[in-house]
Each structure stands twice: as C-alpha cells, then as structure tokens.
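See structure below.
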Amino acid sequence: EYDNFTNTILSSEGNNVYRALTHDSGFYRGFFNIVKAITTGPEAPVKRMFITGVSPVTLDDVTSGFNIGTNITTKRNFNDMVGFSESELQDMLSYYQKEEMLADPIDEIVRMMKPWYDNYCFAKECIGQTMYNSDMVLYFLNNYLLDGHAPSDMLDRNIRTDYSKLRHFIRIDKMQEEGRSVITRLIDTGEVNGNVIKESFPAENLADPGNFVSLLYYFGLLTYDRIEYGETIMKVPNLAVREQIYGYLVEAMKERDSIVFPFMELSDRMRRMAYFGEWEAALGFFADQVDKKAVLRDAIYQESTIKTLMLAYMGLTDYFIIWPEFEAGRGFSDLYLMPNLANYPDMQYSYLIELKFLKRDDTTTKVESLMQEAEAQLHKYASDERVKSSTGNTRLRLLAAVYRGWQPEAMCEFKKN
C-alpha cells in the first residue's frame with residue numbers, strides 16, 4: 001500500500017512533515033524517481049509493476065517523479081474483480097448447502113447479508129452492477145459455519161477503517177460549513193452529489209468538499225448509486241459502512257469538546273424501547289444530551305440536525321437496524337427501527353418514526369396540523385410489504401415528534417389501522 005505511511009503521517013504529524021517527504025528532494029519522491037528510472041530501457045530490471053493503495057493523495061503529490069503509471073481504480077473492466085456478485089454468492093452457498101452445512105435456506109442467508117455487505121459499485125459506467133464486500137462475506141460464513149447462525153456482530157472489526165486517520169480528515173472537514181455538512185447529509189439521507197469524484201488531489205486541498213467526498217469514495221464509505229437528472233449520486237453502500245460513519249461523527253464530537261458520552265444510559269434506554277415499548281425516555285434522551293452540551297447545540301445549525309444526532313447515537317447500539325429515509329408506501333419514512341432479530345429473537349417492539357421541525361421563530365404553523373400529516377404518512381408506510389415482512393413477531397409502533405430546534409414540542413403514538 002503505497003499510501004499507508006503517508007496517511008499515518010498526515011493524521012499524526014501533519015501537512016508539513018508530509019510535504020517534506022513527498023515534495024522537492026523528499027525521500028518518498030526521490031524513491032519514486034528511482035523506480036521510474038529502472039523501468040526504462042531494454043535492460044530495465046523492472047518491466048511492470050502493480051501498486052495498491054487506499055487514497056489517491058500520495059499519487060498526486062509524487063506524480064512528477066512517477067508519471068508513467070495508469071490509475072485503473074475506476075475502470076469499468078475491473079469493477080467486478082474486487083468483490084462477489086450475487087450469483088457468485090449463490091454458487092458459494094449452494095456448495096455449502098450440498099455439503100449439508102447450512103442451517104437456513106440460501107435465500108434467508110442472502111437476506112441477512114445483503115443490507116450489510118452489498119451495493120458496491122466502483123465505476124460510473126457500471127451503475128446497477130453491484131458487488132458484495134468479499135471480506136465481509138467470508139467473515140460471515142466463517143462464523144456461520146462454526147456456530148450455525150449469523151455472527152452477533154455483522155461488522156468484521158479487522159477491516160474497520162483506522163479511526164485515527166479518518167478523524168483527522170473529519171476535523172479538516174469541519175473547517176468549512178459546506179464540507180462539514182457532507183457527513184451530516186450522509187447520516188440524514190445516505191447520499192451526496194458525486195459529480196466531483198477526482199482521480200487524485202494534493203494533501204493540502206483535503207478540506208475542499210469535493211476532495212473530501214472523493215476521499216470517502218476511496219475509503220469505501222461511498223459508492224456509485226445512480227444518475228438522476230444529470231447528477232451522479234454517491235451513496236453509503238450498506239449498513240456496515242453506515243455504522244462506521246455513525247461512529248466517526250460521534251467520535252469527532254467527543255474530541256471537539258472532550259464530551260463524556262453516557263453510552264450505558266443510551267444502551268439501557270434503547271433496550272427498554274426494544275423490549276418494553278418505553279419509547280418516550282429513549283427519544284427524550286437525545287434532546288437532554290443536546291441541552292446539556294454546548295458543543296452539540298452549536299452543531300445544530302439546521303433544525304433537522306437533531307435527526308442526525310439521533311441517527312448517530314442510535315446507530316451505536318444494535319437492538320435495531322436503523323434505516324433513515326426508508327422507502328415504503330411510495331414515500332420515505334424518516335426513521336424505521338427494524339428489529340435486529342438475528343441478535344435479539346425475543347425482541348418485542350419495532351418502530352416507524354416521523355419527525356417534523358419548526359423554525360425557532362415560526363409562530364404560525366400549528367403542531368396539530370404537523371401531527372395529522374405525520375399520522376397519515378405513518379399509516380401509509382406501515383402498510384408497505386417490506387415493513388410487514390421485516391418486523392417478525394414484534395409489535396410495530398407508529399411514533400411522531402415535532403421539534404423546535406432540538407427541543408420536542410410534542411411526541412405522540414398513533415394506533416395502527
């Protein structure tokens with residue numbers, strides 16, 4: 001990985017040390033000059049080389065010392081070489097089924113894997129041809145074949161992106177409001193504009209929002225999803241990646257003001273929400289945290305950012321699979337708390353939650369009218385087959401909350417039709 005040590009230097013030593021190594025007469029640039037020299041001429045000892053890495057930062061900074069390379073990262077020919085297609089996954093599972101090693105039907109195992117490991121697309125020309133993360137698939141199968149059920153933790157901790165490195169980039173992102181909002185948009189909606197993906201960029205320009213989006217793509221946290229009205233949309237590929245992004249945001253907020261986060265209290269409230277239906281205390285927890293901490297109040301530069309904080313914090317627990325903007329009933333539910341029945345088969349409750357927001361100076365909009373709108377939406381979402389088929393034996397509850405800033409004006413549960 002040609003960029004491994006420079007990513008470490010960027011996150012621990014800063015741009016000055018990094019620049020000294022990769023520019024002018026720096027060691028790294030000089031090394032690539034030598035590599036370039038030994039690939040030319042009929043007697044060259046190196047005929048061809050293949051270089052791997054994660055970010056395109058170093059490649060840009062040493063390019064004049066090594067301008068003979070071809071970046072194949074986003075070439076359509078290689079899109080299906082770095083993962084498993086669904087047909088390949090089916091073939092693999094068919095083998096284990098014939099060996100009588102599967103405790104569940106193949107379709108059920110694919111259903112468990114798909115939202116966590118699928119949906120990677122690396123080339124714009126291959127949109128619609130998605131791949132499963134091969135490491136994650138093998139991690140799942142290693143655990144499943146040993147234990148006879150899905151792993152309790154669906155995310156392989158061995159390949160979690162290094163927090164210390166990505167925290168550095170998030171701190172840079174917070175220097176500009178436009179860049180800072182990238183993470184917020186990803187948590188709120190799961191997608192951003194991808195017209196700006198670049199093949200390489202210098203380290204000193206990491207704070208540029210377009211470069212930050214590109215960096216997230218190269219880190220595997222964004223993937224090509226669709227083209228809509230001439231705009232390329234990049235999306236968080238799956239739940240494994242979304243869980244990481246939740247963690248990055250919370251870690252960044254904790255570092256910014258030395259926040260001590262009451263994780264045990266949150267976990268207990270989410271557990272009681274899952275098993276005893278005590279949802280008021282869980283939803284109230286988030287407003288309480290914002291009320292106590294100035295750094296979180298400062299983060300709420302848009303009314304809907306309370307939703308971002310709810311998503312980030314809820315995503316740190318595993319009682320529910322948190323789906324923001326869940327497509328159901330020809331609309332998008334703000335929050336679907338799908339029961340994590342693989343880990344908690346005796347869970348009692350699942351939730352659809354609709355959030356409404358009032359401007360701080362809004363004195364005309366009626367809370368009652370927002371609640372009526374939320375009730376109609378929730379009944380429509382609850383009738384969707386994708387919701388019905390994923391709740392298992394849990395009782396689905398329909399919740400609505402109206403917020404002014406971070407403070408709830410009203411919270412209500414509606415009866416199912």
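The values are calculated or read from the model by the stated rules, or taken from the named source; none is laboratory data. Note that the structure is predicted; figures quoted are calculated from it, not measured. As a convention, Cβ positions derive from the backbone with ideal geometry for all residues, glycine included, and neighbour counts pool all protein chains shown. These accessible areas exclude ligands, DNA and RNA; they are computed on the full protein's heavy atoms, side chains included. Shrake-Rupley method; radii C 1.70, N 1.55, O 1.52, S 1.80 Å.
In this structure, is PHE212 crowded, with 17+ Cβ neighbours inside 10 Å, out of contact with any strand residue (DSSP E or B) (no Cβ under 8 Å at 6 or more places or on another chain), among the hydrophobic types (A, V, I, L, M, F, W, C) and in a helix (DSSP H, G or I)? For PHE212, the condition - crowded, with 17+ Cβ neighbours inside 10 Å, out of contact with any strand residue (DSSP E or B) (no Cβ under 8 Å at 6 or more places or on another chain), among the hydrophobic types (A, V, I, L, M, F, W, C) and in a helix (DSSP H, G or I) - is met.
ASP346 meets each of the listed conditions (1) open to solvent by less than 20 Å² (accessible area, probe 1.4 Å); (2) not in a strand (DSSP E or B) apart from (1). Against the list (1) without any contact (Cβ under 8 Å) to a residue 24 or more places away in the chain; (2) surrounded by 19 or more Cβ atoms within 10 Å (Cβ to Cβ), the condition MET371 fails is (1).
Hey, could you check the stretch 132-148 for residues that are outside any helix (DSSP H, G or I) and modelled with pLDDT under 95 and say which is surrounded by the most Cβ atoms within 10 Å (Cβ to Cβ)? Filtering the stretch 132-148 for residues that are outside any helix (DSSP H, G or I) and modelled with pLDDT under 95, the one surrounded by the most Cβ atoms within 10 Å (Cβ to Cβ) comes out as ASN133.
Looking at PHE332, PHE285, just one residue is touching a Pro at 6+ places or on another chain (Cβ under 9 Å), surrounded by fewer than 22 Cβ atoms within 10 Å (Cβ to Cβ), modelled with pLDDT of 70 or more and assigned to a strand (DSSP E or B), and that residue is PHE332. Flag: ARG19 matches the condition of being surrounded by 11 or more Cβ atoms within 10 Å (Cβ to Cβ), basic (Lys, Arg) and closer than 22 Å to PHE219 by Cα. Close contacts from the stretch 1-22, counting a first residue that is within 14 Å of LEU206 (Cα to Cα) and a second that is open to solvent by 30 Å² or more (accessible area, probe 1.4 Å) and modelled with pLDDT of 75 or more, with Cβ to Cβ under 8 Å and a gap of 6+ residues or different chains, come to THR6/LEU21; ASN7/VAL54. Among the residues of the stretch 53-67, is any surrounded by fewer than 17 Cβ atoms within 10 Å (Cβ to Cβ), on the phi < 0 side of the Ramachandran plot and in contact with a strand residue (DSSP E or B) (Cβ under 8 Å, 6 or more places away or on another chain)? No, the conditions are met nowhere in the stretch 53-67.
Checked against the criteria, LEU378 counts as farther than 23 Å from GLU265 by Cα and open to solvent by less than 10 Å² (accessible area, probe 1.4 Å). Just one of the listed residues (ASP80, ASP91) is surrounded by fewer than 19 Cβ atoms within 10 Å (Cβ to Cβ) and at pLDDT 95 or above, namely ASP91. Do we find a residue being modelled with pLDDT under 65 and within 13 Å of the chain's Cα centre (by Cα) anywhere in the stretch 155-162? Yes, the stretch 155-162 contains a residue that is modelled with pLDDT under 65 and within 13 Å of the chain's Cα centre (by Cα).
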